[in-house]
Each structure stands twice: as C-alpha cells, then as structure tokens.
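Inspection log for the structure reproduced underneath, given as structure tokens.
All of the numbers you see were taken from the coordinates with simple rules; none came from a lab. The structure displayed is predicted, hence computed values, not measured ones. Cβ: placed from backbone, ideal geometry, glycine included. Neighbour counts: every protein chain shown.
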C-alpha cells in the first residue's frame, strides 16, 4: 500500500514536470515590451525626457528622426505609422523631430532626414537614411523582430 502511494505521487510529479516542459507558462513567455506598456502605434516625442522614458519600455525601438520641412519625412511618416500599427506591443515606434529635440539626432549622428534608427536593448544596431516603401519597410521590421524573438517566424 505504501509502495503504491509513493509510486502514484512520483507519477503525478513526473507528469507535472513533463507538462511544464512541454507547455510554457505565461510568466516565462518572452516579452519585448515591459508589462503595462500601453502606448500603441506611432509615438510622437515632445521632449528628451519623454524620449528616454519611452525608449526604455521595449527591447526594440524604431526611431524615425524627421525635420519640419523635409518632404521625404512627410512621405515616409504614414508608412512608418502603418507598420507601427501592425506591430503594436512588439516594439516601440517613435518619431523625433530634430528641429525640436536636436539632442537625439546628435547622439545618433543623424545628418540627413528621414533616418530610421533601430535600438536593441538600449544600443543602436542599424540605421536607414531616406524614404522606404511600405513593403520593404514591413519586411525589414519583420526580420528584425524575428531575430530578436519578438514575433514568431513564419
């Protein structure tokens, strides 16, 4: 009787271990943005403090550096915003006007606009200067998010 009871307990314990190994609990799932990060879509930054706060909310941040009178910036902004909407919660997408907050452009050595900078874990990993068509930019963002583990590949 005692042997049967300990075997049953051992089997139950083994079943739980196997179940935990095959199904990942939500607490262990990878998250690319901090819990409670509520801002969705494109975020237009108004101050350096806001820029610093927002860019520390997600593992990956796409920064669009623009200027007020840049025609290509005005053309690319809707593309950037559309891709930002597609990947809500996967990364932060921010726009910074270098005429208003020049420190951001200076710190990332931006000399031409529009420039898209990719930040991974607080460090810049890539930058693209100029207008990018929607399909190309969407593929680019998808590849970066896949490599970072923020979306499922496929």
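A few points about this structure:
- Residue 143/residue 6 FRET efficiency (R0 35 Å; Cβ-Cβ; nearest 0.05): 0.10
- Fewest neighbouring Cβ atoms within 10 Å first, the residues 58, 73 line up as 73, 58.
- Segment 42-148, relative contact order in percent, only Cα pairs under 8 angstrom and at least six apart counted: 36
- Computed FRET value (nearest 0.05) for residue 121 with residue 151, which takes r as the C-beta separation and R₀ as 25 Å: 0.90
- Residue 106/residue 135 FRET efficiency (R0 35 Å; Cβ-Cβ; nearest 0.05): 0.65
- Order by protection proxy (mean Cβ within 10 Å, highest first), peptides 124-130, 95-101, 84-90: 95-101, 84-90, 124-130
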